[in-house]
Amino acid sequence: MTSTMTEPKSTTRSTATTGAILVTGAGGEMGHALLKHLHGQWGGQREIVSIDLRELHGEAAAASTHSYCGSVADAEFVQALASKHDIGEVWHLAALLSSSGERNPELALSVNVMGSCTLLKLAAESARRRGHDVPFMFPSTIAAYGVESLAAKVAAGVVSEDECGDPITMYGLNKRAVEEMGRYYMRHYRLLDADRGTARVDFRSIRFPGIISADTVPMGGTSDYGPEMLHAAAQGKPYSCFVRPDAQISFMTMPDAVRALVHLAQAPRSRLSRQVYNVTAFAPTAAQIEAKVREFFPRAEISYAPVEARQRIVDSWPMDLDDSAARRDWGWSPVHGFDEAFRDYLVPAVRARYG
Ligand code: AKB
């Protein structure tokens, strides 16, 4: 074991059929919200094993029965952890986001693809050993899409899962590769083994739009201008937006994003016609986000200083996603539209947070 392991917070025996729940990227934006949910659902009944590069604190630490510091790109670390816990379910959130990935493409490849492959193999071997399917939940992204130009983006309009499949970022490529890898581990892994058994990785993935949380500000993404604008206004800080006012992609709130992953995880396999689903909630331009922020924070100081490379990334993503397959197959429907997101969730929560 090369990475640091923090002391287990407590120990809970896993049941034979369900096993421990492994959450990677547990200290990230979605990790926090998901751990809270998993603890609410399973706390005291199943082990919740979390991994992050940094030590977890507060609610995230309390929600984990065991938390480990280390990188998913460190295969030895992941294997050592798997030998200590009977992993029955994986929520693999750890990733370098799109802007970070462009700053260090090789690191992104190693974390986002090689790390994911280690975890998929772990899940496949766990399924084989336990004789039960191992659910593997994987957040993919709008960055998995790619259009050549702004004109092509406008022409593409609302994009379904099978369109515009030429991502321009390392992160987008990585996510797409893992989607395919998930399909491989679920359907074909060890094709030549006579005794490969019937228990598999049950790989399920969602292509998320930009996500806005009231609790955290993202780091290293390119959809960050949405949440950054809101959090800056709530703190009375000036904000210079790195994309043009007309930049448009879809967004959703963090509670809706977690709800979507949880609902997909709970859906009967027989209802699912795909392994990877779009979800979305609203698709404002940066100027519309600004106007909405000003409705609640009229003195907000927001200006625009587009950064060409980051603008190019946003221009390559669809302006909106077609999530009709998710709506049809597993009843997806966001709680927060654009107005509700700000009025009922974001603004009250950031006001409480920053005072
Ligand atoms: C990013 O901006 O990289 C992420 C994403 C859209 O997946 N937030």
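The values are calculated or read from the model by the stated rules, or taken from the named source; none is laboratory data. Values in this document were obtained by computation on a predicted structure and should not be read as measured data. Side chains included, ligands, DNA and RNA excluded: accessible areas come from the protein's heavy atoms. Shrake-Rupley method; radii C 1.70, N 1.55, O 1.52, S 1.80 Å.
How would TYR145, TYR239 rank on accessible area, largest to smallest, probe 1.4 Å? Don't skip to the end; give the middle numbers.
Working: TYR145 0, TYR239 25 Å².
Largest accessible area first, the list is TYR239, TYR145.
Counting only heavy atoms of the protein chains and using a 1.4 Å probe, MET181 has close to 50 Å² of accessible surface.
In whole Å, what three semi-axes, largest first, describe the equivalent ellipsoid of the chain built from its Cα gyration tensor (square root of 5 times each eigenvalue)? Please list the in-between numbers first.
Details: eigenvalues 224, 108, 69 Å².
Calculated on Cα positions only, the semi-axes equal 33, 23, 19 Å.
GNM, the chain, Cα, under 10 Å: largest mean-square fluctuation among MET186, MET219, MET170? Comparing MET186, MET219, MET170 in a Gaussian network model of the chain, the most mobile one is MET219. Under the criterion of Cα pairs below 8 Å and six or more residues apart, the relative contact order for region 44-141 equals 27 percent.
Rounded if a/c is under 1.5, else prolate if a/b is larger than b/c, else oblate: which is region 18-79, with a ≥ b ≥ c the root eigenvalues of its Cα gyration tensor? Verdict is oblate for region 18-79.
Per residue, the convex hull spanned by the alpha carbons of region 139-268 comes to 140 Å³.
Shape class for region 294-355, computed from the alpha carbon gyration tensor (a ≥ b ≥ c): oblate, with a/c not under 1.5 and a/b at or below b/c.
For the chain, report the accessible area per residue in Å² (1.4 Å probe, heavy atoms, rounded to an integer). List each step's numbers first, then the result.
Details: 14680 Å² over 355 residues.
Roughly 41 Å² per residue, with all protein chains present.
With all protein chains in place and ligands, DNA and RNA left out, the 1.4 Å accessible area ranks ASP322, ASP215 as ASP215, ASP322, largest first. Computed from Cα atoms, the angle from the helix 286-296 axis to the main principal axis of the chain rounds to 80 degrees. Surface composition of the chain: carbon and sulfur atoms hold 53% of the protein heavy-atom accessible area at a 1.4 Å probe. The alpha carbon centroids of region 78-117 and region 230-265 are separated by 24 Å.
The angle between the Cα long axis of helix 225-234 and the main principal axis of the chain comes to about 70°, on a 0 to 90 degree scale. Note on CYS164: accessible area is roughly 40 Å² with a 1.4 Å probe, heavy atoms of protein only.
Take every Cα pair under 8 Å in region 115-209 that's 6+ residues apart, average their separations, divide by the length, and report that relative contact order as a whole percent.
This gives 48 percent for region 115-209.
Please report the antiparallel percentage of DSSP beta bridges with both residues in the chain, rounded to the nearest 5.
10 percent
Using C-alpha pairs below 8 Å separated by at least 6 residues, the relative contact order for the chain is 17 percent. Extension gain for ARG328-LYS84 works out to 83.9 nm (0.36 nm per residue, less the C-alpha to C-alpha distance). Summed over qualifying helices (DSSP H, 4 residues or more, each -39500 (n - 2.57)) and divided by its residue number, the chain shows a 222 nm mean residue ellipticity of -11500 deg cm²/dmol. Between 0 and 90 degrees, the angle of helix 75-84 with respect to the longest Cα principal axis of the chain falls at about 60 degrees.
Excluding same-chain neighbours fewer than eight residues apart, the lysines reachable from LYS84 by a Cα-Cα span under 24 Å are LYS9, LYS36, LYS121.
Take the alpha carbon gyration tensor of region 209-260, find the square roots of its eigenvalues, order them as a ≥ b ≥ c, and report rounded if a/c is under 1.5; if not, report prolate when a/b exceeds b/c, else oblate. Cα axes put region 209-260 in the oblate bin. At the residue level, ASP339 shows approximately 80 square angstrom of accessible surface with a 1.4 angstrom probe and all protein chains present.
Of LEU38, LEU321, LEU173, the residue with the greatest mean-square motion in the GNM of the chain, using alpha carbon springs below 10 Å, is LEU38.
Work out, in µm²/s and without decimals, the Stokes-Einstein translational diffusion coefficient of region 229-355 at 20 °C, 1.002 mPa s, Rh from Kirkwood over C-alpha pairs. Mind showing how you got there, number by number?
On the way: Rh = 16.1 Å.
This corresponds to a translational diffusion coefficient of 133 µm²/s.
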